[in-house]
Every structure is written in structure tokens, then in C-alpha cells.
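The values are calculated or read from the model by the stated rules, or taken from the named source; none is laboratory data. Bear in mind the structure is a predicted one, so any value in this text is a computation, not a measurement. Glycine also receives a Cβ, built like all others from the backbone with ideal geometry; neighbour counts cover every protein chain displayed. Heads up: the accessible areas ignore ligands, DNA and RNA and are worked out on the full protein's heavy atoms, side chains in. Shrake-Rupley method; radii C 1.70, N 1.55, O 1.52, S 1.80 Å.
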Amino acid sequence: MSEDSHPFERFLRDGMMPHIWCEGCGNGIILNCFVRALKDIEIDVNKVVVVSGIGCIGRLSGYTNTDSYHTTHGRAIAFATGAKLANPELKTVVISGDGDLFAIGGNHFIHAARRNVDIQVICANNFNYGMTGGQYGPTTPLKAWTTTTPYGNIEHPFNLVHLAAASGAVYVARWTTLHVRRLTESIKKVLQKEGFSFIEVITPCPEIYGRRNKMATGIEMMNWFKTAAEIRNASDPAEAEISPEKIVVGEFIDAEKPTYDHLLREMMKQVQERIRGEK
Amino acid sequence: MTQERTVLTGKHFMQGDIACAEGAIAAGCRFFAGYPITPATEIAERMARRLPEVDGVYVQMEDELGSMAAVIGASYAGVKSMTATSGPGFSLMQENIGLAVMTETPCVVVNIMRGGPSTGQPTKPGQQDVMQARWGSHGDYEIIALAPSSVQEMFDLTIEAFNLSEIYRVPVFVLADEIVGHMWERVTIPSENAIKRVNRKRPRTLPEKYVPFLPDRDLVPPMASFGEGYRFYATGLTHDETGHPRTDTAKAQQELVQRLCDKIRKNREKIVRVSANMLEDAEVMVVAYGTTSRSAMSAVREAREKGFKAGLLRLITLWPFPDKEIAELAKRVRAIVVPEMNCGQIVREVERAAKETSVIFMPKLGEEPHRPVEILDAIQRGSYK
Amino acid sequence: MPLRLWRKPLDSEKIKIPEGEVHVLKDRCKGCGFCIEFCPKEVLEQSEEFNIKGVHPPQVKEETVCILCSFCEAVCPDFAIFSVKKDCKGGC
Ligand SMILES: Cc1ncc(C[n+]2csc(CCOP(=O)(O)OP(=O)(O)O)c2C)c(N)n1
Ligand code: SF4
Ligand SMILES: [Mg+2]
């Protein structure tokens, strides 16, 4: 290996670095783990499609040297559903934000999970809308400060892993950006899994969220993850709390269920056989 | 797939919505994503039954926002794709119609128009979405919309819509009113070989050399599909020809948006279609589209019998608007009559094109289309202008 | 500028240490400090110099032991640091 080139360079799109993310932002770590996973499992990268919605993390699809598409806000999963169903050979990975996937795009998430469409979803949860300057969203903790909760947040947040599990996802995990090894392992697993898979990645947004919540740097936020994270594999995602004291992480669900894609192709085959029989 | 299942060659007694679905399948459409809505549901139902037979995918999405996004995804995966809806769903689709325009996605959107605004009159006809079709998504763009007026045209123009969308890499609308959608008529479906199908231009370079949004001389860039090794990036952000976002320069915005408009504007002669009837010596011209043009045709015939020199210009293409064609004819007639099932939409375009020539507008809302006698009355009034 | 940087990171620095070698692509560093803070062996520290972004990139502290866990490589959001097995051709 050349000494002056990064080992992942060929997995990153030419001419797109440096990325737009702030100093101390965890999105780059998610990108890093994702391309490492691509490299490690030696997947046919030509079949991988990375789809993202709008937001800071939404820019990720532009950085991977794969086919990639940057949709409108919230529609990444619906777009990926169309691409995957149209060409079953594709590996469609959605990487998007907590606001994108669970506020404006929440309906697509629960329905894709219910159908068990074979797409893999990675959510960068930074507890707020980073791109628009730090408003509260569906994952902002109660009482947290954001630009639109100047008196503290009075809304209850979603527990994303519980939501994913209840909606029917066949793989559900949560890690933080400090859990780089485990996160990479999870990504490798879902890249090789069939069915609607979900990985929540808790990620620092020091610039916009941390600053208003007594964690002004990426290091402070990562140290929160370090002290609060508790690995509880195979535990009930309903109990997977996120609080100042505790962040329950782990692989909660890894199950098998016929995928929509499989049932669809089976049905199509039967219909076509019946027609041939009629002739 | 067996030929007779792909194209139902022969004579049929068919509903407009069903003919539209059959036209799509004959055009090569193999992906449909939609959400049920009156009066377009029959298209979805037909597609749900027919697509699996021809190795195509039908998926019922959770809403029209998702349907439109899925259609774009499927098109980028290399499959001709469509959706069908009516007013309320068409409103929800506007978001990703803009995305399809921006990322130059071939696809077809059928709108079987009912009465609006909002939930309006689900089972009654309207022509109230023709301006929304032109301007519904934010930002500047040009679009193509076709207006069938018979069941036969539901079949023919749906094929045409696919071909135009593939040629220009733009969403194409089939704007039919509820009457055309629900009407039953005789349809002749040609043989498989007689159907003209156009496919999108493919890259002529190696993947390493592929510049995804670099246009040819017709202003349309060749299109690769996902999974072929081209590894390209497409975004709804303003981008340059490499597809990379360029949100901070005026140049990128000017070049891209201007080209998106120009690829339709500069090719308008190849796109625009009208049908001129008895216009050679006409003194009064009726301009109409969809169901309304059928009443107009009867009215023109009756007027001729009564000795009035009337003619009909039936608009097949609504967008880009046939303004040149209207402007030419307007110079030769005394008056133009425009009946529409709305409070005045296409009439504004006609007025713009007609300049000095007087325009008599006949609005219609509610249950019924215009009766020929109403249009006849307007023709008579126009004759004395 | 970014393109040139990305393709020819001439500022890549190679520092020899017992087990692993840590390479820093200095001008890519945005200065988040994750590699320094979370290296289990405390191999790294902030340098005095400024890179083109005006931040202090990390450097290797003297006589520390890199165990080649590659944590710095994995936790770097900017692809500015990586580690490789020490090249012992010249004798270790
Ligand atoms: C339809 C629409 N509404 C609002 C916006 C503005 N907007 C851009 S990004 C964003 C929030 C993104 O939040 P999230 O998905 O959490 O991503 P993050 O920026 O935090 O990574 C919003 C509201 C938009 N682009 N489109
Ligand atoms: S605003 Fe937050 S999420 Fe966005 S790039 Fe900056 S740190 Fe990252
Ligand atoms: Mg967010």
C-alpha cells in the first residue's frame, strides 16, 4: 500500500473530499465505517446503491464511490424501494438523518419495515435537525435545548430501535460513533442480510446540538457516549433507553422473515407459469 | 413472455383507464407504484393484475409522495415506470415531480382529473389541474403534458408519453378527465411490431469516462442505470455536468435550469401535436381538449350545418403549449371559443397567443361536460364579432 | 483545491513506531481530536504546527507503543489518519 494514500480512497468519490461536515461531527465516522464494511466483505460495489435524503448526513451519498442518489427530504426509503424492486440485484442502502427518516419520512420507514422490503437503513441520530441550524425533531430528548425549544423540549422522543422492531424490521441495532468496530460489524452483517434492516447510530453534532446542551465539542459528546453506553445485545428494544446517564446499545434483533422482494418474485413466477399452462 | 399477453392486439371494448394501463404495458412499462384514488384506481387495478404476467412490478405505496419517489427509483434502476392518480394525489406528487425534472428522470404520471380543490368531487370530471401540471412543483422548468379525448387515445397517448419521457428525460403527464378515464369505447390495439417504442439514450463511453449530466447536442444527457458499474451520483441539488452539487455558483444554476427548460423549448416542434378540424375557411375557431373537445366537435358540425364557418383546434399536447399554432390560426378567424371544465386556465394561454382576436370563454364546473348546444351558441355569438 | 489534495496528499507523514506505523494526512485534519482522545495506548498528541485548515493535526508522541488496533483510522471522520503494519525491511 502506498504510504501517502488512505486505504479507503478507492471507495470515496473522486473530487468530493473534503466533506462538508463540521469539526467534531460524527457523520464522517459513519462514512468511514460504511466504506470499511464495503472493503471488508468484498461486495460487488457496482451493485451497491447508496440513497440518502436531505440533511447534513444526507450528503453522504455523494461521497461513496458507488451508484448513489440524493432524494428529496424524507423520501430516500421510498426511492430505494422503487430501485430495489425494479432491479433485485441491487443492494440498496439508505443512509439518512433522524429528522429525514422519522419526521418527514416516518411513514415510509414504518411501511417499508412492515413490507420487509430488502433495503438496509442506517440512521445518523444527532438528536436534531443539523442542516437547518439545530431545531428539535422526533428524537430530541425531553427538556433539551434547541433553537425552536428555547424553553426546553416538551415533546417525547421516539425510541427508534423500538419503532423499527415494532414495524417489522428483521435486523435492529444501535451503536454510537465511538463503537466503530461494532458498528462496522453491524454494517457488514446487514450488507449480507436480506430484509429490512435498521442500524441507529448515535452521533455527535457538537456545533449545533452539543453547544446548546453543555457538550460544546465532539470529544465531550463522544465522552458522554463512552461513559453512558451499555451494551445489551439481544435485549428488548422497548427498554433501550437514551438518557444522560445511560445509552443502551447493541444488536437487538436479527431474525428471518420472507422479504417482500421474495414474495413478489414468487407470485410473479406463479402467475407466469399459470399463463404458460393455459396456452 | 408470450406476445399476446404483452400487447393485446385486436379490437376491444375497453374503459379509458384500462386502455391507459394497456398502453403503458405495450410501451414497455414494467413498474407501477401508486396509491388508490378515484377516478384513477382502475389503472392501478389493471396494472396489479397485468404487470406480474409480463414480468413487471406493481407496488402499492403508503401515499403518493412515496409512489412518485419509487417511480423515480425504478426508472434509475433502468425500468420504464409510471404512476396514476387524481387531483389530491397529484398535489402530493408535485414534490418529487420536481425531483424527476431536476434529475432528468424518464417516467409517466397519469392524472385522471376530477373536480377540486381539495377532495372536491371524486367521481365527477374536471379540467382543473392543467395549470398545476405546468407549474405545480416549485422552481423553473418545462414539462410535457398530453390530453387524450377518447379511449383509443388513452392507449395511444400513453405510449407516446413513455416515448417522449425517454427521449427528453423528463416526466410526462397524461392529463385525462374523469369522463375519458371512465368511458367505454372501441379500441384497436395494433400488433406488437407496429408499436413504436423509444428507449432512453445510453452512455457511449466507458464507466470511467461517463459524465452523467453532460448533454448531447439535443441537450439531453445519455443515461446509465444503477448496477451497471457507472457509479454515478444524482442529486436534487443544483449540480454541474458531473452530477456533483454546485449550490454556490450562479453559473451552475443558470446552465442547468436553462438547459432543463431549453431541452423542451428547443424541441417543441417535435413534441407539439394538435388536431385541426374544418379550420381552412373557419371564421370561428373552438379550442378544446379532452372530453370538452368531443362536445366541441358536435357543436362545430352543427354550426356548419347551420351555415356558420366554424372549426375546431383540438389540443393533444397541452404542454409545451401550442401557442405558435394558435397564433397563426388566430390571425385568420373572427373569434375563438374556449370551453373548459374549470374557471379559466388554458383560456389564459389561448388569450396570450391570440393577441387581438377576441376570445369567448365558457367555464364549466360540476357534473356535466359542456353540451354541444352551449358551444354552438358561443360559435354563433363569435360569428357576429 | 480539494481534488488536488485528495489525489496527491504530499504532506503524508510516515512515523516509525514499534508495531504499527501511523500515517497522518495533515491537511485533511479538521482538528476534532478523536484520535488523540480515544487511542487506547495514547500514541498521539496534538502537534504545534498549523495545517492549511488552520488546525493542529495530530503527531506521534515519542517512544509510545502502537498496537495496530487501527482505532484512530476508524474513528477519524476525515480520512486523515491510518495505520499499517510496520515495514521491517530495514530491520526493526
Ligand atoms: C420538504 C422540506 N422541508 C424542509 C427542508 C429543510 N431541511 C433541510 S435538512 C432538514 C433537517 C434534516 O435533519 P436530519 O435528517 O436529522 O439530518 P441532519 O441535518 O441532522 O444530519 C430540514 C428540515 C427541506 N429541505 N425540505
Ligand atoms: S451541523 Fe451537526 S450534524 Fe451537521 S455537519 Fe455540523 S456537526 Fe455534523
Ligand atoms: Mg439529525
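Quick look at the values:
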read-out: Phi-based couplings in Hz for the range A:81-95 (Karplus 6.51, -1.76, 1.60; Gly and Pro marked x); value: 4, x, 5, 5, 5, 6, 9, x, 6, 6, 10, 9, 10, 9, 10
read-out: Gain upon complete extension [B:Arg381, B:His138; 0.36 nm per residue less C-alpha separation]; value: 83.5 nm
read-out: FRET efficiency for B:Gln121 and B:Gln60, using Cβ-Cβ distance with R0 set to 22 Å, rounded to 0.05; value: 0.35
read-out: Distance violations [Cα-Cα > 19 Å] among A:Lys39/A:Lys189; C:Lys26/C:Lys53; A:Lys269/B:Lys11; B:Lys11/B:Lys124; B:Lys201/B:Lys263; A:Lys226/C:Lys26; value: A:Lys269/B:Lys11; B:Lys11/B:Lys124; A:Lys226/C:Lys26
read-out: Rounded to 5, percent antiparallel among DSSP beta bridges of the range B:275-382; value: 20
read-out: Stretch gain in nm, segment B:Ser191-B:Arg5, where the contour uses 0.36 nm per residue and the Cα spacing is subtracted; value: 65.8 nm
read-out: Proximal charge balance of B:Lys124 [Cβ under 10 Å; K/R count +1, D/E count -1]; value: -3
read-out: Degrees, to the nearest 10: A:106-115 long Cα axis against longest axis of chain A; value: 40
read-out: Cα-based helix-to-principal-axis angle, A:218-228 vs chain A, degrees rounded to 10; value: 80
read-out: Inter-probe distance in nm under a simple model that places probes 7 Å from Cα toward Cβ, at B:Arg304 and B:Glu241; value: 5.2
read-out: Solvent-accessible surface (1.4 angstrom probe) belonging to B:Phe13, in square angstrom, nearest 10; value: 140
read-out: Label-zone membership for the range B:317-351, site B:Arg265, 7 angstrom Cα→C-beta point, backbone N under 18 Å; value: B:319-325, B:349
read-out: The range B:257-351: GluC sites (Glu not before Pro) falling in loop per DSSP and having at most 12 other Cβ within 10 Å; value: B:Glu280
read-out: Farthest positive-ward along the protein assembly as shown dipole, Cα basis, beta-carbon charges - from B:Phe155, B:Ala276, A:Cys22; value: B:Ala276
read-out: Residue among B:Gly229, B:Gly78, B:Gly181 with the largest mean-square fluctuation in a Gaussian network model of chain B, springs linking Cα atoms under 10 Å; value: B:Gly229
read-out: Cβ-placed point charges (K, R +1; D, E -1), dipole of the range C:18-85 about Cα centre in debye, nearest 20; value: 260
read-out: Per-residue HN-Hα couplings for the range C:76-85 [Karplus 6.51, -1.76, 1.60; θ = phi - 60°; Hz; x = Gly/Pro]; value: 6, x, 10, 6, 9, 9, 8, 10, 9, 5
read-out: Percent of beta bridges antiparallel (DSSP, the range B:52-202, rounded to nearest 5); value: 10
read-out: Proximal aspartates and glutamates relative to B:Lys355, as straight alpha-carbon distance under 19 Å, when same-chain residues fewer than 8 apart are discounted; value: B:Glu283, B:Asp323, B:Glu325, B:Glu328
read-out: DSSP beta bridge pairing in the protein assembly as shown, given as percent antiparallel to the nearest 5; value: 35
read-out: Label-point separation, B:Leu206 to A:Lys269 (7 Å along Cα→Cβ), nm; value: 3.8
read-out: Chain B - Rg and Dmax from Cα coordinates, angstrom; value: 21.0, 69
read-out: The protein assembly as shown: radius of gyration and largest Cα-Cα distance (Dmax), Å; value: 29.6, 109
read-out: Globularity index of the range B:25-160, i.e. its alpha-carbon radius of gyration over 2.2 N^0.38 Å; value: 0.98
read-out: Amide H contacts under 5 Å for B:Ile144, placed H, 5+ residues apart; value: B:Phe173
read-out: Long-range Cα-Cα pairs in the range B:284-385 (distance over 17 Å), rounded percent; value: 44
read-out: Rounded to 10°, Cα long-axis angle of helix B:16-27 versus longest principal axis of chain B; value: 40
read-out: Partner aspartates and glutamates for C:Lys86 [C-alpha distance under 13 Å; skip if fewer than 8 residues away on the same chain]; value: A:Glu3, C:Glu19, C:Glu21
read-out: Relative contact order (percent, whole number), the range B:10-194, Cα cutoff 8 Å, 6+ residue spacing; value: 31
read-out: Accessible surface of the range A:113-218, 1.4 Å probe, proportion on carbon and sulfur as whole %; value: 57
read-out: Members of A:Lys193/A:Lys246; B:Lys270/B:Lys324; B:Lys209/B:Lys270 lying beyond 20 Å, as alpha-carbon distances in this model show; value: A:Lys193/A:Lys246; B:Lys209/B:Lys270
read-out: Which of B:Cys343, C:Cys29 is most accessible, then next, and so on - probe 1.4 Å; value: B:Cys343, C:Cys29
read-out: Chain B, accessible surface, carbon-and-sulfur percent (1.4 angstrom probe); value: 50
read-out: For the range B:279-294, Karplus couplings with θ = phi - 60° (6.51, -1.76, 1.60), whole Hz, Gly/Pro x; value: 9, 3, 10, 5, 9, 10, 10, 9, 10, 8, 8, x, 3, 4, 5, 6
read-out: Test item: Cα-centred dipole of the protein assembly as shown, Lys/Arg +1 and Asp/Glu -1 on Cβ, debye; value: 1520
read-out: Unit charges on C-beta of K, R, D, E only; dipole of chain A, Debye; value: 440
read-out: Chain A: relative contact order in percent, alpha carbon pairs under 8 Å with at least 6 residues between; value: 17
read-out: Using a Förster distance of 60 Å, the FRET efficiency for B:Ser358-A:Asp40 (Cβ separation, nearest 0.05); value: 0.20
read-out: Amide H contacts of B:Ala77 (H built 1.01 Å from N, under 5 Å, at least 5 apart or other chain); value: B:Phe226
